[in-house]
Amino acid sequence: MTLSINVVDTLRAQVEAASGGLNTVLYTDKGQPCFMRVIPKTLLQDLDSGLGTGTHPAFIVDSVEKDQIYLGLYPGRVKNGELVSQPSLEPTVNTNHDSFVSTARANGTGWHCMTNIEWALLGAICYEQG
């Protein structure tokens, strides 16, 4: 017997509709919502011809090319043992890097603190857009 359950995620639908698809909501292993910016795959040559050609390295994870990446819209807050990106929460401060890394990983597979290459991508996008 095959069981199929279709659950409409009202929060995700509202966020995506309000942002024209620029933002979405992803959920941690504990089911906590995280508000994320969707960054579509970007080519180096589209950012600056001096960067070379090909996919920006932020979209290559463990040698697999991704169609998009997700970046938290809000400063991180440790909540129920996970690192979340939610509006109206004071960010967690005075915690060392290793603690943030392990807390982000507690969110589940694929969750991580922002990498240097992701920061570089944002810088290049900002530069390209003036």
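Checked against (1) on the phi > 0 side of the Ramachandran plot; (2) touching a helix residue (DSSP H, G or I) at 6+ places or on another chain (Cβ under 7 Å), ASP62 passes all but condition (2). Please determine whether any residue of the stretch 106-126 is of a type in the set (Ser, Thr, Tyr) and without any contact (Cβ under 8 Å) to a residue 24 or more places away in the chain. Looking through the stretch 106-126, at least one residue is of a type in the set (Ser, Thr, Tyr) and without any contact (Cβ under 8 Å) to a residue 24 or more places away in the chain.
Taking the stretch 45-81 as the range and being of a type in the set (A, V, I, L, M), open to solvent by 60 Å² or more (accessible area, probe 1.4 Å) and touching a strand residue (DSSP E or B) at 6+ places or on another chain (Cβ under 8 Å) as the test, only LEU73 passes.
The residue that is farthest from HIS56 (Cα to Cα), counting only those in the stretch 73-108 that are hydroxyl-bearing (Ser, Thr, Tyr), modelled with pLDDT of 95 or more and in a loop (DSSP other than H, G, I, E, B), is SER88.
Against the test of being under 16 Å from GLY123 (Cα atoms) and either open to solvent by less than 50 Å² (accessible area, probe 1.4 Å) or in contact with an Asp or Glu (Cβ under 7 Å, 6 or more places away or on another chain) (or both), the options THR42, THR24, THR28 yield a single qualifying residue, THR42.
Checking the structure you have, find out if any residue of the stretch 92-107 is under 27 Å from LYS41 (Cα atoms), under 13 Å from the mean Cα position of the chain (by Cα) and small (Gly, Ala, Ser). Scanning the stretch 92-107 turns up at least one residue that is under 27 Å from LYS41 (Cα atoms), under 13 Å from the mean Cα position of the chain (by Cα) and small (Gly, Ala, Ser).
The values are calculated or read from the model by the stated rules, or taken from the named source; none is laboratory data. Predicted model, so just to flag it, every value in this text is computed and none were measured. When we count neighbours, we look across all protein chains shown, and the Cβ atoms used for this are built from the backbone with ideal geometry, even at glycine. Remember, those area values only see protein heavy atoms, side chains included, never the ligands or the DNA or RNA. Shrake-Rupley method; radii C 1.70, N 1.55, O 1.52, S 1.80 Å.
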